[in-house]
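The values are calculated or read from the model by the stated rules, or taken from the named source; none is laboratory data. Since we're looking at a predicted model, the values are computed, not measured. FYI the Cβ positions are ideal-geometry reconstructions off the backbone, even for glycines, and counts take in every protein chain you see. Accessible surface areas use protein heavy atoms only, side chains included; no ligands, DNA or RNA. Shrake-Rupley method; radii C 1.70, N 1.55, O 1.52, S 1.80 Å.
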Amino acid sequence: MSTLTAPDLAAIRRWRTSVLVVFGLAGVGVASWLSRLPSVRDGLEATTLAMGVLALGISIGSVAGFAVASRIAVRYSPRAVIRASLGVAMGGLLLAGVSGGVLPDYPLAMAGLILLGLGNGTCNVTMNVEGAAIERALRRPVMPWFHALYSIGAAVGASIGALAAALGISPSVQIPVVVAAMAVTTVFATRHLGTEPHARPGGHPASPARRRSPWFEGGTLLIGLVVVGMSFANGAANDWIALAMVDGHGSGPGVAALAVDVFTIAVVVTRLTGVLLLSRLGRVRTVQLTAAVAIAGLLLFILVPNPVVAFVGAALWGLGVSLGFPIGMSAAGDEAQGATGRIAVVAAIGYAGSLVGPPLIGFVAGGVGIRTALLIAVVLVVAAGAVAPVLSRSRRDAPTTP
C-alpha cells in the first residue's frame with residue numbers, strides 16, 4: 001500500500017473540510033424551516049392536518065432527490081452537483097419562508113418544501129459519496145464526523161430560528177438572511193471539491209455505475225436494514241421522547257424538552273468521538289456494541305417509571321443509535337464503482353425508517369401507550385445488530401491504530 005505524500009494529505013484535508021461544511025449547511029437549511037413551523041402555521045392560518053400534509057413536501061422532494069442523485073452524480077462533478085443541489089434547496093427554503101409571512105400562500109409553501117427536499121436529498125447522497133471517497137483516500141474511518149456536522153448544523157439552524165422567534169422576527173425576514181449566508185458559505189466551502197466526475201486527490205477514478213440496480217443487491221439491502229433500524233429509533237426519539245416523558249413518566253414540559261436535548265447531545269458527542277471507536281473495533285463490533293447500548297437505553301426508558309432513569313435511558317439511546325447511519329453510508333460506498341447508486345438506495349431505506357417510524361409509533365401508542373409502542377424501535381435495533389456482519393465486506397474494516 002503506497003504512502004500518501006504531504007501534498008496529497010493537504011489536498012485531502014482541504015477536501016474533507018469542504019465536505020464537513022457542506023454537511024453542516026444541509027443541517028442548517030432543514031432546521032431553519034422546522035424551527036419556525038409555529039409561526040408559519042399562524043401565517044398560513046393552517047390547521048394541524050394541513051401542516052402535516054405540508055410536511056410531506058420535504059419527504060416527496062427528498063425521495064425524488066435520491067433518484068436524481070444516483071443519475072447525475074456519476075455524470076457531473078461533485079462541486080457542480082453539490083452547488084446546484086444546495087442552490088435548489090436554498091431556493092425552496094426561500095419560497096417556503098416567505099410563504100409564511102409576506103406572501104402567505106399554502107401552494108407556494110408546498111412547492112418550496114418539495115424543492116427543499118429535492119435539493120437536500122440530492123445533496124445528501126452526493127455528500128455521502130464524497131465522505132466515503134475521503135475515507136478511501138485516507139484509508140481510515142471519518143464518516144461519523146460528517147454526520148456530526150450535520151447534527152451541529154441542525155442545532156445552529158434551530159437556535160437561529162428560536163432566537164428569531166423570541167425576538168418576534170418573521171420567518172419571511174429570518175429565512176432570507178439565513179439563505180444569503182448559506183449561499184456565500186456554499187461558494188467558498190465547495191472550492192476544494194472535485195471539478196471532474198469522481199476525480200479524487202490521492203485516490204482513483206471510479207468506473208461508471210454498474211448496470212445492475214443496487215436494489216437487487218442483497219448486501220446493499222442488508223446494509224439498508226442496519227441503517228433503517230437505527231434511523232427508525234432515531235426518528236422515534238426526536239418525535240416521541242418529550243411526549244413519553246410527560247405522559248409516561250409524569251414530567252413537566254420543561255423537563256421533557258431537556259430529555260430531548262440529552263438525546264441530541266449524546267448523538268453529536270458520539271459521532272464526534274466515534275471515529276476512535278471505529279478505528280479500534282471495526283465496523284461490525286462497533287455497530288453490535290452501540291446496538292446493545294441503544295437497546296439498554298430504550299428498555300430503561302420504556303420499562304422503568306422513573307424520570308431520572310429515563311434521562312439515563314435517553315442518553316444511552318442517543319449514544320447507541322448515533323453511528324449506524326454513517327457506518328452504513330461508509331459500507332455502501334466501499335467500492336468506488338457503483339457507490340453513488342448504493343448510497344442512494346441505503347439513504348432511501350434509512351430515510352424511510354425515519355419517516356415511517358414516528359407515525360407508526362403514534363398509531364400503536366393510541367392503543368397501548370407511547371412507552372410500550374417504543375418497543376417497536378427495540379425490535380428494529382435488535383435486527384440491525386443481528387445483520388451487522390454485512391458491514392465487514394470491506395477488507396479495510398480490520399481494526400487499526402489511531
Q: Scan (1) open to solvent by 10 Å² or more (accessible area, probe 1.4 Å); (2) farther than 19 Å from Pro141 by Cβ; (3) in contact with a helix residue (DSSP H, G or I) (Cβ under 7 Å, 6 or more places away or on another chain); (4) not hydroxyl-bearing (Ser, Thr, Tyr) for the single condition Leu303 breaks and write down its number.
A: (3)
Q: Go through the residues of the stretch 60-77 one by one and say whether even a single one is modelled with pLDDT of 95 or more and more than 20 Å from the chain's Cα centre (by Cα).
A: no
Q | Tally, over the stretch 280-300, of residues that are open to solvent by less than 10 Å² (accessible area, probe 1.4 Å) and farther than 19 Å from Ala244 by Cα | A | 5
Q. Which residues, counting only those in the stretch 207-266, are assigned to a helix (DSSP H, G or I), polar (S, T, N, Q) and open to solvent by 40 Å² or more (accessible area, probe 1.4 Å)?
A. Asn238, Thr264
Q | Selected residue (criterion: modelled with the lowest pLDDT) from residues of the stretch 324-367 that are among the aliphatic types (A, V, I, L, M) and more than 18 Å from Gly235 (Cα to Cα) | A | Ala336
Q) Taking helices (runs of 4 or more DSSP H) that do not extend beyond the stretch 6-77, which have at least 1 residues that are open to solvent by less than 60 Å² (accessible area, probe 1.4 Å) and under 20 Å from Gly353 (Cα atoms)? A) 6-34, 48-72
Q. Considering only the stretch 326-373, how many residues are open to solvent by 40 Å² or more (accessible area, probe 1.4 Å) and not hydroxyl-bearing (Ser, Thr, Tyr)?
A. 13
Q | Criterion violated by Trp317 - all others in (1) under 21 Å from the mean Cα position of the chain (by Cα); (2) modelled with pLDDT under 90 satisfied | A | (2)
